[in-house]
Structures are given as C-alpha cells and as structure tokens.
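These notes concern the structure reproduced below.
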Amino acid sequence: MVQLYNLHPFGSQQVVPCQREPEQICCGGLDALFVASGCKVEAFAVQGAESCQLRCAFSTLGRVLRMAYSEVGDYLVAIEEKNKATFLRAYMNWRCKRTENSRVCIRMVGHNVEAPFCESFRDQMSIIEIPLSEDPLCISCCPMKGDLLVGCTNKLVLFTLKYWIINEEFSMWDFERSLIIHIDNITPVEISVCVGYVAVMSDLEVLILKLESDPTNGEKVKHHPQKTNNQLQQTEDVSNETSQLESDFVICLKPMELLGEKCEQSGISVKLESTGLADEKAKYSNVQHLLYRRFAPDISFYVLSDNIKLHSLQLLPIHQTGLPPDGKGSSQEKELLSLFCFFSLPHVGYLYMVVKSVELLSVYWYPEKSQQAVLTPQFLHVITSQSLQCFTVRCSAAVAHEEDLHMDTTLKACPPVSMDVCALRIQLFIGLKAICHFKNHIILLTKADPEAVSEKRESPKRLHLILFCSRKDASVRRRISPIAEAGWNLYIVNTIAPLQLYKEMSLSVSQGATEVAGIGGFGAKWDYGILSVDYSNTYKTVKTQSCIHLLSEAHLLVRAALMESSRLEPAEKAELLEAFKESCGHLGDCYSRLDTEQSHLALPYYKMSGLSLAEVLARVDWTEDSESQKYERGLIFYINHSLYENLGEELNAEVAAKVAQIFHVAEPKQLPHVLCSPSMKNIDPSTALHYLKKLDTHESSPVLVTLTKAAVALKMGDLDLYANEMKSRSEVKLLYGFILEPRLLIQHWKGQIVPTELAIHLKETQPGLLLASVLGLQKNGKIGIEEADSFFKVLCGKDEDTIPQLLVDFWEAQLVACLPNMVLQDLFFKLTTQYIWRISRRQCPDTIPLRTAEDLINACSHYGLVYPWVHVLTSSDSLADKNYTEDLLKLQSLICGPSFDVSSIIPFLELLSEDTVAGLSAHVLCHTRLQEYEQCIDTLLERCPEAVIAYANQELREEHWVLWWKKLLPDLCQKVKCGGEKHQLYLSSLKEALSVIAVGLDLRDFLNVLPEDGAAAFFLPYLLFCSRKKSLP
C-alpha cells in the first residue's frame, strides 16, 4: 500500500532560457545541464536556486537521438543521426568551448596524440569519434568509473575510460574498447552500467548481469556453438511462422522472475568477447546472471503500445568516498556499498537491490500512467502527463541493514526496507514530457498538446500555467519565457534541503481526502485516509501506526542525506547529525508509548538519540494518579535495559522514585533488580523499602526480595532489620539470591568495579558467604575471572600490585570447586607466586586464612600429601618462623599435587634462597618433580643428610632404584671417609643404605657394589644378611 502525504519537497523553480524547443536533455555533476535541439547542444551552468546561465553551445554532426553525461571525465556522449545514419561521439573538455565558432579537435577513439599537437588540445573542446559495426541504440555512463556502455541490436560494447599522461604538462581522457557482450534474444531499449554491473531492458524484459574477472567468484560463461546452415534455416522458418501468427494473433509470454543460475531458463544467452590489448589481462572474463524479469502486457491495452512498455531503467550506486590507497592526489576513491536497480511499467515501478543479494525492495503503484522516472538516494520522482510525483525510497535503509553489523540489535535500529512506501507530494504540471535530476535540481520538459496550443492562440486570455505550491509561499512568481507561447518550456525545480523537509515531516503534516479524490482505480494500493497529526505533540497520545510511518520516513531522509557526507559542509553535517538524533528520539517516543509488536525498538532508537535516561523520563507524561497510569512495554523495556547496562548515569531521588513507581505498577517482579542498579543509588531507602514490602512473594523471588531489603536496611543504618532479613534464609538460599542478582555485591560505575555496602559488610561479618557467593557468580557465568580478582582487590582496599588474603582464599576456593571454565595452570601460577612472595618476605597474611593447608589437602585433589622426607627436612630447622608455616605447607602441597606444572615456577624460585629450610625444601621438591634425583641427593647430603634416606625411600624406586648403589652408596662412603662434624649422620645414613641395598640385591651383585677399599669387618654383617635372606621364609 502506498500512503499519500501532502508535504512540500519542492521549493522553487526557474525557467531555462533555451532558444529552441528541446528534444533531448541530460544533466549531472555539480552544475551541468545539456539541452539538445536539432543539430545543436546548449550547455547551461546551474548554480543555486535562482541562477541558470548559458555556458556554451556547440554543433553536432546530426540530430541528437540520445545523450548522457558522465561526471567522471566530465564528458558528454551522444547518439546522432544524419542522412539516416547514426554516429556515436563523445565531447571532451567542453567547458573550454568559449564561443560557438571556437576551434575543436576531432579524433578517433584510441588515437595516440603526438607531442606537437598537445599544446593545441589543451584549451579547446575535443570530439572523439567512436565507430561501431552496428548502429548504436542506447548508451549509459558508469557513475563511479566513467566507463561507457553502448547498446546495439545483439550486443553491448564496453569502452573503458582511460586517463593518459602525455607528458609533464599535458594529459587527456580517452576510451579503450575493452569488452563486447553478445546477447541473443533481447533487443536493448535502455541500458545501465555501474562498476561491472550491467542492466539491459527491452520493451517487456529486464536482465541484470555482473561482470567478473575471477572465475572462482562468478558463473562460468556459456560458450554456445555457432549455428550451422541447417540451424539457421530452421530459425528463419520458425521466425517466418511466428511473424505470420503475429499478424493474426496476439502472442503474450507469461510473466517470469528468475534469480541467479535460473536466469538461464530465460533463453537469453550471454557471451563475452575481450577486445583489449593482447598484453593486458582481461578485466572481465566471466559473467554472473543476477536477475531476469519478464512482464506480460495487459491485452486490454494492447492497441496502445506505450501502455505496455518498460521505461526508466537505472542503476543507482550508494558509495562512500575516501583518499586513494596511496594517500596521494586530490581525487577521491569511491567504494561501492550497495547498488539498486529501478525500472518501471506505466502504472507500477520496481526497485531491486542487486549487491550481495538480489532482493525486491519496493513496488510503486502510480495513480495514473507514468511517462518517466528518476531514482535518487532520497526520492523517486515520477512524471505523468499532468503531475510530478515524489515517492520515498528504501535505499538508505537497505544499506544500513546490509553494512552495519550492529544494526537490528539493542545498539542500533533502522526502519525496515519492507515498510510501505509513500508519496510525499503529487504536484500538478501541465504537459510533462521528460525529467532528469542532479544534486537538488529536477529538470522538467513540458509540451502542451497541439490542440491545447491552438486553443490558446484562439483565446489569448488563457495562460499556460503551472500549478505549484511551496511550503514557504503559497504562490511562487512564474517566469515564463516568450517561447512558452509555442507550447513548450524547460523548468528547473529545486528540491528543498533534506533538513527543511525533515522538520516539516516531524512537526506537522495535514492532508485532506479531497487532494487524492482524483486518483481512481488504485484503492487497493493507495491509502486515502485523512491524516491530521502534529507530530511534535500529538504523537504522544495518538496511538496509530501512521505517526511511526511518517517519522520513519523522516528518519530515512536524514540518514540518506548523511550517506552523502563527503559533499556536505561541516555546519550542514552537524545540523543533519542533530536532526538524526532528534528523529531517533521521536521514534523512541513512539515505540515506548504505543502498543505495538515492535515496542522493543524504543531501546536502540533512544540509544542512537543520545538522550540520557533522565531526559527520556522527562518526556513521559505523568498523571496525578500514579497507581492507575498505564505504562507501555516499550518504555519498560528501555528503562529495564538501561538500568542493566550501567550507563554511568545517576538518577536524582525524584526520578529514581518515579522509576520505582513505574515498575511497582507495571513489572513488580523486576523491582528488586531495578533497585540494585547503581543508577538508582540516590533513591530514598524508605521509599524503596515501602515498595519492597508491597511485593507479593509470588511476583518475585522471595530470597531476592529478602536480600534487597537487607541491602536497603544497611543504607538506612538499621542493623536489626538487616540481621532479621539475613537470618530468615539459609546460606544456601542466600547464595542463590546473589546469583539471581550479582549487583547486590558487585556494581560497575563508569568502567570501575564498585563493591556494594552489603559486600563490604559481608567481608567483615560473613567472609565465607561472600566468597561462596562470588564463586557461584563465576560458576554461573555472571562474573569473569579478572573481574572477580579486581573486585576483591577493591573490596580490601589494595592496589593493583597487592594481593589480599581474601583473594588468595578465593583462588583456593576455585581450586576446591574445580570450575569447568577454569584454567588450572593459571590458578596454580597465581597461588604459588603469592605463596613464594610471602615466604620470601616472611610476611603474614593481612587476614586469617579461611582454610588451612590440612583443609585444602582433605578437600581438593590438586593439593597433594606432602612427602615424608619434606617433613624431615623442615623439622631440622628449629628456628623456623611459624608465621609463614601455612604458606610453606600449601606451597609444598601444591608441588606434590598431581596436576601442578613445576617448570612454570622455576624462575620464581630464585626468590627463595636455599640457605633457608623453606627455600631448600621448595628447590628440592621442584627438582625431584623434574626427576633430577642426583642433583637432589647432592643437595641433601650437603645441607640435610638426615633426610637423604627418607628421600631415597620415597623417590628412588622402580627404574630409579639403581641410584641407591650407583649414586647414594658411593657418595655416603666418600662422606664417611672425609669425616667432619656430620660424620655420625653420614655413617648412620650409610648403614641404612646398606641395609636397603642388601635386601634388594643378591649376594654377588651386592658384593660388586661394595667399595674395594672398605673395611671387611664393617660390611660383613650386611654380606651375611644378604647371603641368608634366601633361606628366610
């Protein structure tokens, strides 16, 4: 359905001072307007809303049949007819044509200009002759690259625009014929080209192709074999039969729409023929079919051929500009974001998006027969014989949804491309024949019918009038040239600035049904309803979809204007950005107050508006009876998400109380969550407690209400109420409540972690509950690892480099809990480095640890039993500081555990000196885990010989059993020989070692391992034991 509004997109108009009746018009660039009459082309400079001056005029070879202008290269190309022959010529450097008799340079396409002629070419117009083997039927210029596409009967010829640098002082534009596209079974009436995309249109067919250079990305070209003589004869026979049938019958093919590879079913074959230089790589070698559409004529109109033909084929690119890749030069590179294709039947127009995906965006139903249309990023302008119609388009919406990854999320929103299009204005004009568009100018050619002209000459009192309305002036002064008496005129209608039209759309729109009463036959497609809405005020109370629709149109208008930001002045861009935010605010208001399925869109629109939560709430109409006021889902959704996202905004006490009242009425189960938001910190605690007491236990989680009451009681300083609430639930249920609402403990404010008053109080009174609660939050994904560490540091008032004991307790609890997403080695690293750091500094924990080493060994498999020889080693130091004994035991237990990676802490062992028993035990333990047993034996023999046998009994087993007689026994014998203060310790260790070895070896082997210089009397008892052990039972 097309909705009709009575807006004013057209601002002012002026008459183009043509000397002869125009036959062809075209325009483009910044100020270029071309008018062709017979064998003459006039070029006008359009500057501003009131200035249109003749720049130059030049003669053509013949009558101009078609012409097109390219901003890239600043050239005009024309199909000209003379003596029933057609020619294709391009006019370069036409701005240098001072007078009609000025000299011009004529050259063939691809002609190499010699250096002596460069100077003469510099300041004169250059005409390029482009010869073709077939007569040209239609032409098109690429709006982004300036390439030229020429349509002939069975083929399209692509000329690439080249910029040749002849020498340091002279350069010029030229064309190179690079590709021929052979197309069978379709005769082009109109064509359009844009950076490799080609659209071809016949009377009732449209074909869109994509030219590609990479065969992996495109569809392989179908190489159809050449027809033989028999095939040609059969084709001629079929053609003759068809012609004979057409003379007696009307043959209508059924309508068809094919996408992608299915386009091959259309019967149209496409073949590429590269015609570039042999030493250059072909730019296009493959073709991909995108769309084929065929229409069936209405038989009732068949006698009127104009009623069944397509017209106004156009490819519209949406691009962004930037500096060239090398960063040099003043020209800007254009990057294609999206591409749209428009074509139209007399009573309906079609708009497709053809980049990335082929999709029909909009269908435009006209109230009367159309003659021509032009598509712009903001509007579709359509002319009929009696009116100029302005429709909205969905190009900006399609680009936004396609390119922005954050679109259609809680961050950003954009009106859907499926939204009904609307006609902003149907402006009456008499005798419209042609239209073209550039910048904010619409060029209109009007011609009165011959009967109307003769009647006007008979009745001189009748005037050739153009009915025209402006929002600023109800009547605009007409400037009618004397030639208007001949029945034709050429007008420039200036569209108003997007910002001005936006203001009109968003402030007030009034439309009566009488303005569309003359439109007949389209009741199913047009909305005739009377709209009288003041959108700045009335949309707050009027609950219709119409206000959303028109405000969405206004939003898309501003969005489309911002897409062309490269052409905007800084001040104009700033105003548009402000209007964009304002439109987002209006849409947010609509979705937050209207009962609609899309109410969730209030959140992204309010975000894009830049309005704060307090500013949004200030726009709400509050009633005196707050209990009976109805709040729509959109407003609740927005407030709820805003409070959850911690926007860093503090609501004052009054606004916070209103928020609490809104949720008490509309969403009572969310009230505890709302009160836990840091934005609500200024609410009066008594007010919060009042609403919490009114909550029904079935409306919200009872334990969550209990914890929220306890938190409010702490703010009030009522410790008795706090204690009663906390005692009313078990610790397990309290833990569940904290998981439901983490902000009871942890809040974020402007990127910083802020512990709540409840968390601070629990730290002093119930640290175990606090620890278990944070662990539960981490286990349920409510808090990250780094976030939890920062929370405990902030809670304990420590800086980033200081680790409080409560955080160490939390790390130990994580090991005990064995969280699934936990990285064990990272946790081991944190704990061992902290243990080592405190042991090396003999520093006591700042608080009493919640778990002892024995508790951890009994509760966690990652803490292993400390080896017996370690106890022997540590007990040898009677002067050990008991303050860090627990840290040492935990460190030893971790190293003895099955999961610990010893190599990760070797560099940190340097903090522990081997001169201390603590350092010695850690070093020996680590080297033992690395199976460096010989080094450990040497260390123990030197530092603690009383522990060496216990160490050997524990570690020298199985494959390491041989170290008893290969390492330990020789070393002990050597120590005994040397004597010294520890002689007795070495001697007793030697006896124990001999006893163990005598049990493990047979007599011969045992005899071989004994030292040759030893006393026989000393070793005899062990030899006797070894010889008798076989006889033992």
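Considering Pro346, Pro324, Pro317, the condition of being modelled with pLDDT under 90 and either open to solvent by less than 60 Å² (accessible area, probe 1.4 Å) or of a type in the set (Ser, Thr, Tyr) (or both) is satisfied by Pro324 alone. If only residues of the stretch 988-1009 that are over 17 Å from Trp961 (Cβ atoms) and in contact with a Leu (Cβ under 8 Å, 6 or more places away or on another chain) are counted, the one that is most open to solvent (accessible area, probe 1.4 Å) is Leu1007.
Residue-wise test of (1) part of a helix (DSSP H, G or I); (2) among the small types (Gly, Ala, Ser); (3) surrounded by fewer than 21 Cβ atoms within 10 Å (Cβ to Cβ).
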| residue | (1), (2), (3) |
| --- | --- |
| Glu914 | no, no, yes |
| Ala918 | yes, yes, no |
| Leu925 | yes, no, no |
| Gln931 | no, no, yes |
| Ile937 | yes, no, no |
| Glu946 | yes, no, yes |
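If the condition is being more than 41 Å from the chain's Cα centre (by Cα) and of a type in the set (Gly, Ala, Ser), then the stretch 131-173 contributes Ser133, Ser171. Residues in the stretch 396-421 that are in contact with a Leu (Cβ under 7 Å, 6 or more places away or on another chain) and under 19 Å from Tyr350 (Cβ atoms): Ser396, Ala397, Ala398, Val399, Val417.
Residues checked against (1) closer than 29 Å to Ala32 by Cβ; (2) under 30 Å from the mean Cα position of the chain (by Cα); (3) open to solvent by less than 20 Å² (accessible area, probe 1.4 Å):
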position	(1), (2), (3)
His381	yes, no, yes
Leu388	yes, no, yes
Ser396	yes, yes, yes
Ser418	no, yes, no
Ile430	yes, no, no
His437	yes, no, no
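Tell me, yes or no, whether the stretch 957-978 has at least one residue that is modelled with pLDDT under 90, under 30 Å from Ser840 (Cβ atoms) and out of contact with any Gly (no Cβ under 9 Å at 6 or more places or on another chain). No, that holds for no residue.
Yes/no matrix, rows are residues, columns are (1) in a strand (DSSP E or B); (2) under 28 Å from Tyr69 (Cα atoms); (3) among the hydroxyl-bearing types (Ser, Thr, Tyr); (4) at pLDDT 70 or above:
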| residue | (1), (2), (3), (4) |
| --- | --- |
| Thr153 | no, yes, yes, yes |
| Leu161 | yes, yes, no, yes |
| Asn167 | no, yes, no, yes |
| Met172 | yes, yes, no, yes |
| Glu176 | yes, yes, no, yes |
| Leu179 | yes, yes, no, yes |
| Asn185 | no, no, no, yes |
| Leu207 | yes, yes, no, yes |
| Lys220 | no, no, no, no |
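Yes/no matrix, rows are residues, columns are (1) under 22 Å from Trp164 (Cβ atoms); (2) open to solvent by 40 Å² or more (accessible area, probe 1.4 Å); (3) at pLDDT below 85; (4) of a type outside the set (A, V, I, L, M, F, W, C):
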residue: Arg95; (1), (2), (3), (4): yes, yes, no, yes
residue: Thr99; (1), (2), (3), (4): no, yes, yes, yes
residue: Cys118; (1), (2), (3), (4): yes, no, yes, no
residue: Asp123; (1), (2), (3), (4): yes, yes, yes, yes
residue: Ser126; (1), (2), (3), (4): yes, no, no, yes
residue: Pro131; (1), (2), (3), (4): yes, yes, no, yes
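Number of residues in the stretch 831-847 that are farther than 30 Å from Pro945 by Cβ and at pLDDT 90 or above: the value is 4. Against the conditions (1) surrounded by fewer than 18 Cβ atoms within 10 Å (Cβ to Cβ); (2) in contact with a helix residue (DSSP H, G or I) (Cβ under 8 Å, 6 or more places away or on another chain); (3) of a type in the set (A, V, I, L, M); (4) modelled with pLDDT of 50 or more, Ala574 satisfies every one except (2). Of the helices (runs of 4 or more DSSP H) that lie entirely inside the stretch 796-875, those containing 3 or more residues that are over 30 Å from Thr765 (Cβ atoms) and among the β-branched types (Val, Ile, Thr) span 824-841, 868-875.
On inspection, Glu359 fails the criterion of being out of contact with any helix residue (DSSP H, G or I) (no Cβ under 6 Å at 6 or more places or on another chain), farther than 27 Å from Leu258 by Cα and open to solvent by 10 Å² or more (accessible area, probe 1.4 Å).
Consider the stretch 1-32 and keep the residues that are outside any loop (DSSP other than H, G, I, E, B) and either out of contact with any Cys (no Cβ under 9 Å at 6 or more places or on another chain) or free of Cβ contacts under 8 Å to residues at least 60 places away in the same chain (or both). The one that is nearest to Ala78 (Cα to Cα) is Gln24. Looking only at residues in the stretch 43-93 that are aromatic (Phe, Trp, Tyr) and in contact with a Cys (Cβ under 6 Å, 6 or more places away or on another chain), the one that is modelled with the highest pLDDT is Tyr69. Pairs meeting the criteria (first residue in the stretch 34-48 and in contact (Cβ under 8 Å) with a residue 60 or more places away in the chain, second residue assigned to a loop (DSSP other than H, G, I, E, B), beta carbons under 8 Å, at least 6 apart or on different chains) are Val35/Val16; Val35/Cys18; Val35/Pro22; Val46/Asp31.
The values are calculated or read from the model by the stated rules, or taken from the named source; none is laboratory data. Worth saying up front: this structure is predicted, and the values here are computed from it rather than measured. Quick reminder, even Gly has a Cβ in these numbers, built from the backbone with ideal geometry, and neighbours come from all protein chains shown. SASA here: full protein model, heavy atoms, side chains in, ligands and nucleic acids out. Shrake-Rupley method; radii C 1.70, N 1.55, O 1.52, S 1.80 Å.
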